[in-house]
1. So what's the convex hull volume per residue for the Cα atoms of region 17-60, in Å³?
2. Using a Förster radius of 22 Å, what is the FRET efficiency between residue 60 and residue 126 based on their Cβ-Cβ separation? Nearest 0.05, please.
3. Considering only 121, 42, 102, give the residue with the highest GNM mean-square fluctuation for the chain, with springs between Cα atoms whenever their separation is below 10 Å.
4. Angle between the Cα long axis of helix 19-28 and the longest principal axis of the chain, 0 to 90 degrees, nearest 10?
5. When the chain is modelled as a GNM with alpha-carbon springs shorter than 10 Å, which of 22, 80, 116 fluctuates the most?
6. In a GNM of the chain with a 10 Å cut-off on Cα contacts, which of 96, 58, 86 has the highest mean-square fluctuation?
7. Could you compute Rg(Cα) / (2.2 N^0.38 Å) for the chain, with N its residue count?
8. Looking at region 71-136, I'd like the Rg to Rh ratio, where Rg is from alpha-carbon atoms and Rh is Kirkwood's inverse mean 1/r.
């Protein structure tokens, strides 16, 4: 197991997604969605540059998946399988830092706002993929 990322700021009042929530979004959504939510947790624990880079990577990877799938360059199925393996890893990597952060005052973020955002973004990406498959 990699060494935990040290905490760099007080955590009272900070909201974090639980390891179970991260794993569920990664497995049921996609690996990039897991990257985005995990990056938000890392950023909330005070590592803003690392968290922002994880969020940016997740967004870029999701766009790559949509574009390659819509243009027929690569099917989306391999990316979905990667989400299951990613879920196992994100759960393992986040469990320790999450529990430590909760002991230091962080609270659990509700899962449903993220679910609504993911649903809206997924609908927009689906529309984009349909448009790309018609145009290209």
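Each reported figure results from applying straightforward, stated rules to the coordinates on display, with no laboratory input. Given the structure is predicted, the values throughout are model-derived calculations rather than measurements. Here the Cβ positions follow ideal geometry from the backbone for every residue, glycine too, while neighbour counts run over all protein chains shown.
1. 44
2. For R0 = 22 Å, the calculated efficiency reads 0.75.
3. Highest fluctuation among the options: 121.
4. With rounding to tens, the tilt is 10 degrees.
5. 116
6. Looking only at 96, 58, 86, the largest GNM fluctuation is found for 96.
7. After normalising by residue count via 2.2 N^0.38 Å, the value is 1.12.
8. Ratio of gyration radius to Kirkwood radius: 1.14.
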